[in-house]
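Student: Sharing a structure with you now.
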Amino acid sequence: MTRTTLLAALSALLFGLGTAFVPTTAQADPAKAETCLDELISAAVIGNGNRLRAKDSDAAADKEEVVYRVTLYKGMTYLLLGCADGEGVDLDLSLFDDAGELVDRDASPDAQPFVSVEPAKTGEYLLRVMVHKASAKTDFAVAVAYKD
Amino acid sequence: MLLSRSTWAASTALASLLLLNACGGSGTPEETAPAEQPAEKPAEAEAPAADASTKIDFAAASSRGKTAMFVPAPSEFQIALAAAEVTTPLGDRLGTEGNIEGKSKPVVALETGRRIANVLLASKDGTKDAVLARMKAAKAGLAALGAGESVLGETDKLIADYEAGTIGNAELPPSMDLLNQKVQKALNKGAGEEVATLVQAGGWVQGVHLLSTVLSEGAGSKEAPALVHQPSVLGYFTEFIKNSSAAKAGDEDVVAVIVELDAMSEIAKKETLANEDLKAVAKHTGNIIARF
């Protein structure tokens, strides 16, 4: 399974989810966010021979952020992904290195962002999850997976 | 190398084919034509970013950062070893299981984390009997921590599947990853965050001990020492253990572990690790494991 194939599978699944969900306004629904993420993990991560490090769920209001510390190894390929509880929400992921510099981001205006990265060095990185276009507190779930 | 939405166009053809499956039954082939739907995504990606910042105050953000996904999984460490050209078999260096009888809960948690890591490390080149013994030892640790019937049942099922040959050595690491998720969730909910984190710490210490040992013997690429040079993870565990109830109660084993972690923290301040540093790390982690 190549990285391109993994990303293609993930992209396809995201579209699948996008078409399956009826667009809604943002509202607190942690179960929906977690179910959405679990579907992504099952199909695009585990189903593609990749592995899950961990996942977490949280909530944020519009333009609020939640930051995660993540240790990444050089030589590995990581997939960082998330799901918000409503299709009307724009959930963004940004990854920063230990100098505070942006490594990569997914700022596309949807509720299921993902970032794939091969770290330049082993160490601590920060994954920033930011909520946009939310009319209320929005639940989201995020995960760190890695290529076998 | 970055591989996010920016490389999306390159995978359009594959995505399009898969899209047919993902959306199966939701429309006619014409409505879900491969060439049409994927084209929407790059257009979205070109929309102005809601958050355009390219810099973050790392220290400030890290200090308030959540740690739920901070520590690498034991099997992730094993893959990183291969990436760093560390080919030395680790299965015969795992040592005997530590004693959990009469030990305080934090020490049992550390040893259980070590046992879980040992299952994964043994699965690469260990015999079936050896791996089975490691699995059963890990389950005993989880039982001693009060992991709960659900997790213990899942562990029993994994042991039975492995014993029956339904799951082989190659399938064991991903299965253990999933079990580990459930273990962490159950321990956080039942035994508490302290126990769950110490289980993670035990696995990490075992991994660092084995790797620093083989690296000090000359194994791996020149970049391999970076795998054991993780000051932020070390600092996280050290602070956590220092603030644990067992440390505050003066638990003899935990106090001894803290002394070793502090010594490792001094070494971790260096920019890079020399061979004598790797030997020192192997000695300190060995001293920690000897407390189990």
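Student: Please tell me if residue A:72 is of a type outside the set (Phe, Trp, Tyr) and either within 19 Å of residue B:53 (Cβ to Cβ) or in contact with a helix residue (DSSP H, G or I) (Cβ under 8 Å, 6 or more places away or on another chain) (or both).
Tutor: Spelling it out, it is not the case that residue A:72 is of a type outside the set (Phe, Trp, Tyr) and either within 19 Å of residue B:53 (Cβ to Cβ) or in contact with a helix residue (DSSP H, G or I) (Cβ under 8 Å, 6 or more places away or on another chain) (or both).
Student: Could you give every pair whose Cβ atoms fall below 6 Å, whose first residue belongs to region B:55-71 and is more than 18 Å from residue B:188 (Cα to Cα) and crowded, with 19+ Cβ neighbours inside 10 Å, and whose second residue is of a type in the set (Ser, Thr, Tyr) and at pLDDT 95 or above, counting only separations of at least 6 or pairs across chains?
Tutor: B:65/A:68
Student: Please indicate, with yes or no, whether at least one residue in region B:98-115 is exposed (fewer than 15 other Cβ atoms within 10 Å of the Cβ), in contact with a Phe, Trp or Tyr (Cβ under 9 Å, 6 or more places away or on another chain) and not hydrophobic (A, V, I, L, M, F, W, C).
Tutor: yes
Student: Right, another one. Could you grab me the full set of residues in region B:158-183 that are without any contact (Cβ under 8 Å) to a residue 24 or more places away in the chain and over 17 Å from residue B:128 (Cβ atoms)?
Tutor: The answer is B:178, B:181.
Student: Before we move on, is residue B:203 within 26 Å of residue B:99 (Cβ to Cβ), of a type in the set (Gly, Ala, Ser) and free of Cβ contacts under 8 Å to residues at least 12 places away in the same chain?
Tutor: no
Student: Going residue by residue through region B:210-223, is there one that turns out to be surrounded by 15 or more Cβ atoms within 10 Å (Cβ to Cβ) and in contact with an Asp or Glu (Cβ under 7 Å, 6 or more places away or on another chain)?
Tutor: Yes, there is a match, as at least one residue in region B:210-223 is surrounded by 15 or more Cβ atoms within 10 Å (Cβ to Cβ) and in contact with an Asp or Glu (Cβ under 7 Å, 6 or more places away or on another chain).
Student: Could I ask something else about it? When residues of region B:233-260 are filtered for being closer than 20 Å to residue B:69 by Cβ and surrounded by fewer than 16 Cβ atoms within 10 Å (Cβ to Cβ), how many remain?
Tutor: Within region B:233-260, residues that are closer than 20 Å to residue B:69 by Cβ and surrounded by fewer than 16 Cβ atoms within 10 Å (Cβ to Cβ) number 2.
Student: State which residue is nearest to residue A:121 (Cα to Cα) when the search covers only region B:248-276 and only residues that are assigned to a helix (DSSP H, G or I), touching a Pro at 6+ places or on another chain (Cβ under 8 Å) and free of Cβ contacts under 8 Å to residues at least 60 places away in the same chain.
Tutor: B:268
Conditions tested, residue by residue: (1) within 22 Å of residue B:127 (Cβ to Cβ); (2) at pLDDT below 90; (3) in contact with a Gly (Cβ under 8 Å, 6 or more places away or on another chain).
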{"position": "B:66", "(1), (2), (3)": "no, no, no"}
{"position": "B:86", "(1), (2), (3)": "yes, yes, yes"}
{"position": "B:96", "(1), (2), (3)": "yes, no, no"}
{"position": "B:102", "(1), (2), (3)": "no, yes, no"}
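Student: Scan (1) surrounded by fewer than 24 Cβ atoms within 10 Å (Cβ to Cβ); (2) at pLDDT below 90 for the single condition residue B:129 breaks and write down its number.
Tutor: Status for residue B:129: all satisfied but (2).
Student: Shifting gears a bit: Would you pick out the residues in region A:90-148 that are over 22 Å from residue B:52 (Cβ atoms) and either of a type in the set (Lys, Arg) or facing another protein chain (nearest Cβ under 8 Å) (or both)?
Tutor: Within region A:90-148, A:118, A:121, A:122, A:123, A:124, A:137, A:143, A:144, A:146, A:147, A:148 qualify.
The values are calculated or read from the model by the stated rules, or taken from the named source; none is laboratory data. All values derive from a computational prediction rather than experimental measurement. FYI the Cβ positions are ideal-geometry reconstructions off the backbone, even for glycines, and counts take in every protein chain you see.
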